[in-house]
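Report on one structure; see the data block that follows.
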Amino acid sequence: MVSIGWDLYKKELLNKKQRNAIFEVLAQNNNISKLKVKRSFTRFWQRGLNKNALLPDYIRSGAKGKERQLSATAKVGRPRSYSSKGINITEDIKQQFSHVIKKYYRKKEQLTLTDTYEHLLREFYSDKIYEGEVLKYKIWDDSRIPTYHQFYYWFKKFEEPQLDFRLRNSSKEYELKHRPILSHSAFETDGPGTRFQVDATIADIYLVSSFDRNLIIGRPIVYGVVDVYSRLLVGIYVGLEGPSWIGAMMALDNMVASKVGFCKEYGIEINQNQ
């Protein structure tokens, strides 16, 4: 209606004196109130003269972030096509979810979420039957139990990734491998040469004797010194002694030595600029 009115009465609608008369004509032709026509055109103009401007504000629908007050009788949500699975998730059921998550999921045994859901059904949604001395569980009908998808939805709401990892693994492993890295050493440097870092690693090779290649003399230790700001390698040392202050001292000696002379020892010609 708005687009038709705009196409037919474009010049008149732009004229403030004739606008009200056109609104009345459109209201009569479409059998709606003049106020509705006026509001529709206001939305149309304010939102870019586009047909989509007249679509409802779906972003304001659904009470995003707010939980509904549910009862245990009328089922809410999209009707299911093939079954009537699922129940309304009331406050009592949320407490059941929270209980099994704490009791089974947040433990060192590292049960999966599927196993946790099975424990939920056994504890709260089953009949306990003894066959001789063996206890068995008969899960209730699908229309009386929460689905796994409902349980998963509320698990994601209750989820605390850091706490879950600490309880399922260990605080030490979390701090070592999974804690958020909020800074790094480069933030504490003002420029090249401000700070250096030295590290040693055992090379993944075995050295053999130059006199008898059948004799293994060990794996070399490689030391490296880097400039924190530029990340350039400024010193290196390879030796057979284990990671120690002596090896680090040799790497520091190489760091302050002339690289022109150091490279010349191994047949590599470079100039001072390099």
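For Leu252, are the conditions met, namely being modelled with pLDDT of 90 or more, touching a strand residue (DSSP E or B) at 6+ places or on another chain (Cβ under 9 Å) and surrounded by 11 or more Cβ atoms within 10 Å (Cβ to Cβ)? Criteria met by Leu252.
Conditions (1) at pLDDT 90 or above; (2) touching a Cys at 6+ places or on another chain (Cβ under 9 Å); (3) surrounded by fewer than 12 Cβ atoms within 10 Å (Cβ to Cβ), marked per residue:
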site: Asp190; (1), (2), (3): no, no, yes
site: Val198; (1), (2), (3): yes, no, no
site: Asp204; (1), (2), (3): yes, no, yes
site: Leu215; (1), (2), (3): yes, no, yes
site: Arg219; (1), (2), (3): yes, no, no
site: Gly239; (1), (2), (3): yes, no, no
site: Lys264; (1), (2), (3): yes, no, no
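Pairs meeting the criteria (first residue in the range 37-50 and closer than 13 Å to Leu26 by Cα and free of Cβ contacts under 8 Å to residues at least 24 places away in the same chain, second residue surrounded by 12 or more Cβ atoms within 10 Å (Cβ to Cβ) and among the basic types (Lys, Arg), beta carbons under 9 Å, at least 6 apart or on different chains) are Lys38/Arg19.
When the range 21-36 is limited to residues that are free of Cβ contacts under 8 Å to residues at least 12 places away in the same chain and polar (S, T, N, Q), the one that is surrounded by the most Cβ atoms within 10 Å (Cβ to Cβ) turns out to be Asn29.
If you go through the range 218-273 one residue at a time, how many are assigned to a helix (DSSP H, G or I) and of a type outside the set (A, V, I, L, M)? It would help to see each step written out before you state the result.
Step one: of the range 218-273, the residues assigned to a helix (DSSP H, G or I) are 245-256, 259-264.
Checking which are of a type outside the set (A, V, I, L, M) leaves us with 245, 247, 253-254, 259, 261-264.
Matching residues across the range 218-273 total 9.
Scanning the range 250-271 for residues that are among the small types (Gly, Ala, Ser) and more than 25 Å from Gln197 (Cβ to Cβ) returns a single hit, Gly267.
Of the residues making up the range 123-136, those that are of a type outside the set (Asp, Glu) and surrounded by 14 or more Cβ atoms within 10 Å (Cβ to Cβ) are Phe124, Tyr125, Ser126.
Does the range 9-21 include one or more residues that are of a type in the set (A, V, I, L, M, F, W, C), at pLDDT 85 or above and in a helix (DSSP H, G or I)?
First, pick out the residues of the range 9-21 that are of a type in the set (A, V, I, L, M, F, W, C): 13-14, 21.
Those left that are additionally at pLDDT 85 or above: 21.
Still in the list and also in a helix (DSSP H, G or I): 21.
Checked against the condition, which is being of a type in the set (A, V, I, L, M, F, W, C), at pLDDT 85 or above and in a helix (DSSP H, G or I), the range 9-21 yields at least one hit.
Here Ile181 meets each of (1) surrounded by 10 or more Cβ atoms within 10 Å (Cβ to Cβ); (2) closer than 30 Å to Ile236 by Cβ with one exception, condition (1). Considering only residues in the range 224-237 that are among the aliphatic types (A, V, I, L, M) and surrounded by 11 or more Cβ atoms within 10 Å (Cβ to Cβ), the one that is nearest to Leu207 (Cα to Cα) turns out to be Ile236.
Taken over the range 215-230, the criterion of being free of Cβ contacts under 8 Å to residues at least 24 places away in the same chain and over 17 Å from Asn254 (Cβ atoms) is satisfied by Leu215, Ile216, Ile217, Gly218, Arg219.
The values are calculated or read from the model by the stated rules, or taken from the named source; none is laboratory data. What you see is a predicted model; the values in this text were computed from it and never measured. Cβ sites come from the backbone with ideal geometry, for glycine too, and all protein chains shown count toward neighbours.
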